[in-house]
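K.L.:
Sharing a structure here in structure tokens format.
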Amino acid sequence: MKNDARTKYVEGVKSKSHHLYKTWDAMKGRCYRKSDPSYPRYGGRGITVCRRWRNSFSSFVQDMGAKPDGFQLERMDNDKGYFPENCCWASRSEQARNRRSNNLLTFKGETRPIIEWAEITGLNPSTISIRTNRLGWSVEKTLTTPSRSGGIMLTYKGETRPISEWAILQGISAETIYQRIKNPGWSVSDALTKPSKRKSV
């Protein structure tokens, strides 16, 4: 069955003529075409493309946005596949720096991959990567500065901090804290102190 991307139009341009089509097709080729020279380093070791992107070129374009000149598709965590939370546009130099060792950040004595810090703080993985690699921010500033969409402040025991910072201090994801405080039955104290139930993998 032919993929719908071969006949649909994205942003007024026929899919195969779109400037991101080759990037999308190459991404899938690395993961699923055994004849692709890069397959052993991608599909051959379990790297996959999320269903949303694999089945829809328009979804890939919608999630990734325009590619800056000279930038390439990059995964935040090289041991994980291609999906919105793990991908961003990166320059060649940023790609060179974004190796397994550079995916680890240490804060307050804890060393975790960017993906895990993103889950804890509620920040987008690409935001963390851009702050550390492109802007040269310290790890502390990177992880405790809320994004423009996540500046909710909470006061607990006389201290007022953004949700992203409380998430790190309490070991509870920012999303969990946010959902709790939206619920009238949760106090700030409970939202910040009750352990969350971690999903099994």
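K.L.:
Which aspartates and glutamates have a Cα lying under 13 Å from the Cα of Lys16, excluding residues fewer than 8 positions away in the same chain?
P.N.:
Result set, ordered by chain and number: Asp4, Asp25.
K.L.:
Want the number for Lys34 to Arg52: 0.36 nm per residue separation, take away the alpha-carbon distance, what's left?
P.N.:
Numbers: separation 18, 0.36 × 18 = 6.48 nm, distance 2.14 nm.
Extending this stretch completely gives an extra 4.3 nm.
K.L.:
Report the net charge of residues surrounding Leu73, where surrounding means a beta-carbon distance below 11 angstrom and charges are Lys +1, Arg +1, Asp -1, Glu -1.
P.N.:
+3
K.L.:
Moving on. Just the Kirkwood number for region 153-193, please: inverse of mean 1/r across all distinct Cα pairs, in Å, one decimal.
P.N.:
9.9
K.L.:
For the ranges 181-191, 111-121, 19-29, what's the packing order if you count other beta-carbon atoms within 10 Å of each residue, average per peptide, and put the highest first? Intermediate values should be presented prior to the final figure.
P.N.:
Numbers: 181-191: 12.4, 111-121: 19.8, 19-29: 17.4.
Highest-to-lowest ranking by the protection proxy: 111-121, 19-29, 181-191.
K.L.:
Using 30 Å as the Cα-Cα cut-off, could you pick out the over-long pairs in Lys141/Lys194; Lys157/Lys182; Lys108/Lys182?
P.N.:
On the way: Lys141/Lys194 26 Å; Lys157/Lys182 20 Å; Lys108/Lys182 28 Å.
From Lys141/Lys194; Lys157/Lys182; Lys108/Lys182, over 30 Å: none.
Values quoted throughout were computed directly from the atomic coordinates according to the rules given, and no laboratory measurement underlies them. Because the structure is predicted, anything quoted here is derived from the model rather than measured. Cβ coordinates were reconstructed from backbone atoms using ideal geometry, including for glycine residues, and neighbour counts include every protein chain displayed.
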